Amino acid sequence: MLKEFLIEKIRKSGPISFHNYMEDCLYHPELGYYTTEKVRIGKRGDFFTNPHVSALFGWTLAHWYSLHFSSTSQWMVLELGGGEGYLALDFLSFLWQTYPDLLLQTRYAILERSLPLAERQKDALSLKLPLDVLQRVVWYSEVTQIPSFQGLVLSNEFFDAFPVRRYIFRRGKFLEIFVDWNGSAFVEILREPECFLCVEFLKEYRTIFQEGQEVETAEDIVGFLDLLLPRMTAGHFLTLDYGAEAKDLFQRYPRGTVLAHRKHQVSENLYGAPGEEDLSAFVNFTVLRRRLEHFQFRVDALQPQALFLVEAGIFQVFENRKPSLPGPRQTSFHLGLKTLLNPEGMGTTFQALHGVKASSA
């Protein structure tokens, strides 16, 4: 079990940063949450995402894609973290049925570091898509495998799964949270921070922190984007996730945002079942915005998911598809529409960040 691995690791080398604890919990090669065979997402899993709510989500994103990309050039859609494959399936099905000329100009790539999830994605797509569409899909396990491309980088609940460092603000300085083992339980201890640049970022907002406040940073996101974005010569970047801009995030969540998810229950106990429950943190969209701008993207203001989907044409997609749906499915899709746009739920908890990079040619 991962718990025993972590205990032994701490015994041999001493306390580990929460960042390293979370990395092992989620991505340990044999024992991590996302690297084992168990179903983690959906009704039988620990949480569900937008594509599980309704195919309208993927259809609407495909419709949005058709508004921004023409069928006269070749594009690649790169999905970051494909989950169970539902988004890819709905996106490609919609293009196949509605915009076949654009589909012929599109390659669909999925960046997926989890081998079990990649296999489930392949199974889901092979069961529902015709062979000529399936042949347009490719998988990558590492960013470095991705060739130079123009097109769309697309993600849904991807950046919240990056390991984070956790800090406590005390007496005007930031102390980093490390994880130790006291013989019967994991315990948190405070040490001087390991990541200088992380603390420098936090210092920009020093005046808004309260004594004892907890906060996170995710420098792995910066490293990831610094590898990915130079590979994109032109196109759009679109991510939907829960989070906020830095100042809003720090002011609204003085206890931090890292939570454990298991069987659709949320807990602040981050040490109850290492490797058996999802750990995630709200996305600091200011970090994403700055990296996009660094690589010459023009970045729009952050939008609530509901507003983005409405502007992307979700009502039009629903009305166009409704005549082909039998009565019970119409009811199901109407409920899905309400859930995706719910102003007291996913419609505002989730945010959309969109950036555009023009060709330098």
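Rule-based calculations on the coordinates, nothing more; no lab input. Computed from a predicted model, the values in this text were never measured in an experiment. Neighbour counts are summed over all protein chains in view; Cβ atoms, including those assigned to glycine, are modelled from backbone coordinates with ideal geometry.
The table for this structure:
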{"item": "Residues Asn269 and Arg329, FRET efficiency given R0 of 45 Å [Cβ-Cβ distance, rounded to 0.05]", "result": "0.70"}
{"item": "Total charge dipole magnitude, the chain, about the Cα centre, Cβ charges on Lys, Arg, Asp, Glu only, Debye to nearest 20", "result": "420"}
{"item": "Angle between the chain longest axis and helix 86-98 axis [Cα atoms, degrees, rounded to 10]", "result": "20"}
{"item": "As computed over the range 38-157, the Cα convex hull volume per residue (Å³)", "result": "98"}
{"item": "Folded to 0 to 90 degrees: helix 18-27 orientation relative to the chain principal axis, Cα", "result": "40"}
{"item": "Whole-number percent relative contact order across the chain, with pairs defined as alpha carbons under 8 Å at least 6 apart", "result": "20"}
{"item": "Local electrostatic count at Leu104 - Lys and Arg +1, Asp and Glu -1, tallied over other residues with Cβ under 15 Å", "result": "0"}
{"item": "Cα-Cα P(r), the range 229-299, percent of pairs per 5 Å interval", "result": "3, 14, 20, 16, 15, 13, 10, 8, 1"}
{"item": "Per-residue Cβ neighbour rank within 10 angstrom, fewest leading, Val258, Val266", "result": "Val266, Val258"}
{"item": "Extension gain (nm, one decimal) between Gln97 and Thr36, 0.36 nm per residue minus Cα-Cα", "result": "18.5 nm"}
{"item": "Interatomic Cα distance distribution for the chain, bins of 20 angstrom, percent", "result": "28, 58, 14, 0"}
{"item": "Ranking of Thr144, Thr60, Thr257 by count of other Cβ atoms within 10 Å, fewest first", "result": "Thr144, Thr257, Thr60"}
{"item": "Debye log10 I(q)/I(0) at q = 0.08, 0.17 Å⁻¹ for the range 124-275, Cα point scatterers", "result": "-0.34, -1.15"}
{"item": "Residues Lys247, Lys122, Lys263, sorted so that the one with the fewest Cβ neighbours within 10 Å comes first", "result": "Lys263, Lys247, Lys122"}
{"item": "Lys, Arg +1 and Asp, Glu -1 on Cβ, resulting dipole of the range 1-80 about Cα centre, debye, nearest 20", "result": "200"}
{"item": "For Leu152, distant residues with modelled amide H under 5 Å away", "result": "Met76, Val77, Leu78, His236"}
{"item": "Charge tally in the Cβ shell below 11 Å around Glu194, where Lys, Arg are +1 and Asp, Glu are -1, Glu194 excluded", "result": "-1"}
{"item": "Percent RCO, i.e. relative contact order, over the range 1-156, from Cα pairs under 8 Å lying at least 6 residues apart", "result": "23"}
{"item": "Mean residue ellipticity (222 nm) of the chain, computed from DSSP H runs ≥ 4 via -39,500 (n - 2.57), nearest 500", "result": "-11500 deg cm²/dmol"}
{"item": "The range 218-361: Rg to Rh, with Rh as the Kirkwood radius over Cα pairs", "result": "1.04"}
{"item": "Within-15-Å neighbourhood charge of Leu61 [Cβ basis; K, R +1; D, E -1]", "result": "-4"}
